[in-house]
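The values are calculated or read from the model by the stated rules, or taken from the named source; none is laboratory data. On a predicted model such as this, the values are computed, not experimentally measured, just so you know. A quick note on method: Cβ atoms are made from the backbone with ideal geometry, for glycine too, and the neighbour counts reach across all protein chains shown.
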Amino acid sequence: MKPRRSTAQISRDRRRTADMYLRGMLEVDIGEELGTSQSTVSRDLAALEAQWRAESIADIGQMKAIELARIGHIEATYWEAWLASVADPDPRYLSGVAGCIDRRIKLLGLDAPTRARAVVLTDAEGNEPEEEHELSAEEIVAMREFLDYLEENAAKAAPDASTTT
């Protein structure tokens, strides 16, 4: 049985594993190169991938924070320019503010989707559809309103159970 690797050895192996893996080498070949088993390489790769995911999430959060700060700075500059132009107001400054707000909304994901995918499992006869269809948000709202309308009218058209004998 091989002795356990030290923390320093694991760190060195993972750096080399990452390098070889990113060059397209197979796990078994990486193991041969490092003098370890394929299962050890597989465990090291799983740890590396988890680390990469965590770092990418942190990086995205950090990148968003930096971009939000930039947008805030640009917006403040537009507001200062707008206030300085009170004697002869320039609407381009307010347009710049609106652009900053729009960009912030998009960066934070606060805007509604403009397209949605509707999947119909079967048609009226029970046949599967031949293709999927993309609907705009407006089409989805119109479809929901139509279904609500049908429900309301179906309830009105249904005979009242209290009046039937």
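Looking at Asp19, is it in a helix (DSSP H, G or I) and surrounded by fewer than 15 Cβ atoms within 10 Å (Cβ to Cβ)?
Judged against the criteria, Asp19 is a match.
For a quick check of your reading of the model, give me the residue pairs whose first member lies in the stretch 23-35 and is closer than 22 Å to Arg4 by Cβ, whose second is aromatic (Phe, Trp, Tyr) and surrounded by 13 or more Cβ atoms within 10 Å (Cβ to Cβ), with beta-carbon atoms closer than 9 Å and at least 6 apart or on different chains.
These pairs meet every condition: Glu27/Tyr21; Ile30/Tyr21.
Output the number of the condition that Pro3 fails; it satisfies all remaining conditions of (1) at pLDDT 95 or above; (2) in a loop (DSSP other than H, G, I, E, B); (3) not hydroxyl-bearing (Ser, Thr, Tyr).
With (1) at pLDDT 95 or above; (2) in a loop (DSSP other than H, G, I, E, B); (3) not hydroxyl-bearing (Ser, Thr, Tyr) applied to Pro3, the lone miss is (1).
Given the condition in contact with a Pro (Cβ under 9 Å, 6 or more places away or on another chain), within 30 Å of Arg104 (Cβ to Cβ) and part of a helix (DSSP H, G or I), answer yes or no: does some residue in the stretch 37-52 qualify?
No: the stretch 37-52 contains no residue that is in contact with a Pro (Cβ under 9 Å, 6 or more places away or on another chain), within 30 Å of Arg104 (Cβ to Cβ) and part of a helix (DSSP H, G or I).
Among the residues of the stretch 79-98, write down those that are of a type in the set (A, V, I, L, M, F, W, C) and in a helix (DSSP H, G or I).
Listed by number, the residues that qualify are Trp79, Ala81, Trp82, Leu83, Ala84, Leu94, Val97, Ala98.
Is one or more of the residues making up the stretch 85-96 within 30 Å of Arg16 (Cα to Cα) and surrounded by 10 or more Cβ atoms within 10 Å (Cβ to Cβ)?
No - not one qualifying residue is present in the stretch 85-96.
Looking only at residues that are over 14 Å from the mean Cα position of the chain (by Cα) and of a type in the set (S, T, N, Q) in the stretch 48-64, which one is surrounded by the fewest Cβ atoms within 10 Å (Cβ to Cβ)?
Filtering first and then ranking leaves Gln62.
Among Ala69, Ala112, Ala124, Ala154, which is the only one that is among the aliphatic types (A, V, I, L, M) and modelled with pLDDT of 75 or more?
Selected residue: Ala69, the only one of Ala69, Ala112, Ala124, Ala154 that is among the aliphatic types (A, V, I, L, M) and modelled with pLDDT of 75 or more.
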